[in-house]
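Reading through the structure tokens given below for one structure.
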Amino acid sequence: MRCESVAVGVVSSVEGGEVRLAEDQQPGSLVDKAARIARVWSDEAAPLVEPLEVEQRFNIVLAGVPVTGRIDVVTATGVVDWKTSGKAPNADDAARSVQTELYAAATGKPVEYVY
């Protein structure tokens, strides 16, 4: 993935209102972080993942409540969610998270978190 593509995507997401910055945050810092994440992803994680969908939007209704979201990567066998935090939660917390439940309900597939 080229860094220019990452920069254009981040800036257009900010300008379109899809991504909101903190008052003291500049788009450049977000672009830098996105480029670092993209580099690590392409070097380390991407060779192990064969995506069917990337940034897949979903709309489901749970208990009568409409829920909309976006899933990082959907593969033939599951969902891969890329986390930028340096610290992974324990396996029990991740398995019981609302995000895990939403992704599983939207796709019918198990969720794997990559930190």
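The values are calculated or read from the model by the stated rules, or taken from the named source; none is laboratory data. These figures come from a predicted structure and were not determined experimentally. The accessibility values were calculated without ligands, DNA or RNA, using every heavy atom of the protein model including side chains. Shrake-Rupley method; radii C 1.70, N 1.55, O 1.52, S 1.80 Å.
Set side by side, the residues PRO47, PRO89 differ, and just one is part of a loop (DSSP other than H, G, I, E, B) and at pLDDT below 85, which is PRO89. Just name the residue that is farthest from THR75 (Cα to Cα) out of those in region 28-43 that are open to solvent by 50 Å² or more (accessible area, probe 1.4 Å) and at pLDDT 75 or above. Only one residue tops the list, namely SER29.
What number of residues within region 50-60 are over 22 Å from GLU18 (Cα atoms), open to solvent by 100 Å² or more (accessible area, probe 1.4 Å) and in a strand (DSSP E or B)?
1
Per the conditions (1) over 28 Å from ALA104 (Cα atoms); (2) open to solvent by less than 90 Å² (accessible area, probe 1.4 Å); (3) in a helix (DSSP H, G or I), the sole criterion not satisfied by ALA22 is (3).
If you take the residues in region 61-76 that are closer than 16 Å to PRO110 by Cα and aliphatic (A, V, I, L, M), which one is most open to solvent (accessible area, probe 1.4 Å)? Top of the filtered list is ALA76.
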